[in-house]
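Shown next, in structure tokens, is the structure this report addresses.
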Amino acid sequence: MPVAIVVAVVIAEAAVALMWPRHGVIEPAPVRAASYFSGTDLERARDFRRPQVLLGLAAMAVELGLLALLVARPPRRLRGPFRRPILAAAVAGAALSVLVNAAPLPVHVVARQRAKDVGLVTQSWPGYGFDLIRSWAIGAVFAAVGAAIAVGLIRRMPRTWWIPGSVAVVAFGAITTYAGRQRDGYGKRYFQDYSWSWMQMMVRRRPGVSPSTATGVPVLRISSPIGPAS
């Protein structure tokens, strides 16, 4: 295990060195918040931010406390032996994922209500509940698969299981990152196509009016870089 930690740290540092900008990091331009917001707005922002930070730390403490409790006093059902250890690992992983997400839920609800009170959150509570259940389900599936793979590797390679495990983790991260970018790219394409279609509709409703005149913005600034939908 210490070797695995050292290798992970070395790989992480090598990745940082490879991806670090060659010409250094650009220093941000100094910006004063008071130049754009009034003193009352800034005070409201501070009053909102401080408790939110504490609520976030409280949620993290609940999660860490739960994990520490499970490690110190694991349930009897998890001590084994099991007839089907891989299946048991999958069930335990899914259950642990749901439990860790559900434990700090009251804290998250309070933080969300505070965000709704200031207008940062507009989604309804039923919609939030649906998204929450869906995210828990997806997380449980990932946790179940990961736990099953981990136990399977440990059983087959008791001493070197961490090598293929590390490869699997890196591959999973790369796949999910690529998939996320593809999803975001599709969302941008849909939004750009919708904006272009809306612009064309406005021009058709007003014959002889160009997109620039209809929107008040030069065409080069509002045109999609990928062009209109085909």
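Rule-based calculations on the coordinates, nothing more; no lab input. These numbers come from a predicted model, not from an experiment. Because the Cβ atoms are built from the backbone with ideal geometry, glycine has one as well, and the counts that use them run over all protein chains shown.
Evaluating 6.51 cos²θ - 1.76 cosθ + 1.60 at θ = phi - 60° for every residue in the range 124-129, the Karplus couplings come out as 6, 5, x, x, 4, x Hz, glycine and proline recorded as x.
Filter the trypsin sites (Lys or Arg not before Pro) in the range 54-87 to those in DSSP coil with at most 12 other Cβ atoms within 10 Å of their Cβ, and list the result.
Numbers: sites: ARG76, ARG77, ARG79, ARG83; in loops: ARG79, ARG83.
Those satisfying the criteria are ARG79, ARG83.
For the range 37-48, 3J(HN,Hα) computed residue by residue from phi via the Karplus equation (6.51, -1.76, 1.60; θ = phi - 60°) reads 10, 7, x, 5, 5, 5, 5, 4, 5, 5, 5, 7 Hz, glycine and proline entered as x.
How would you classify the range 4-83 from its alpha-carbon gyration tensor, with a ≥ b ≥ c the square roots of the eigenvalues: rounded for a/c under 1.5, else prolate if a/b is greater than b/c, otherwise oblate?
Numbers: a/c = 5.99, a/b = 1.42, b/c = 4.22.
Cα axes put the range 4-83 in the oblate bin.
In this structure, the amide hydrogen of ALA103, modeled 1.01 Å from its nitrogen in the peptide plane, lies closer than 5 angstrom to no residue at least 5 positions away or on a different chain. For the range 1-49, rounded, prolate or oblate, judged on the Cα gyration tensor with a ≥ b ≥ c (square roots of eigenvalues), a/c < 1.5 rounded, else prolate if a/b > b/c? Oblate, since a/c reaches 1.5 and b/c is not below a/b. Amide H to amide H distances under 5 Å link VAL121 with LYS116, where only residues 5 or more positions off or on other chains count and H is placed in the peptide plane.
Taken one residue at a time, the phi angles of the range 56-66 give Karplus couplings (6.51, -1.76, 1.60, θ = phi - 60°) of x, 5, 5, 5, 5, 5, 5, 5, 5, x, 5 Hz. Gly and Pro are set to x.
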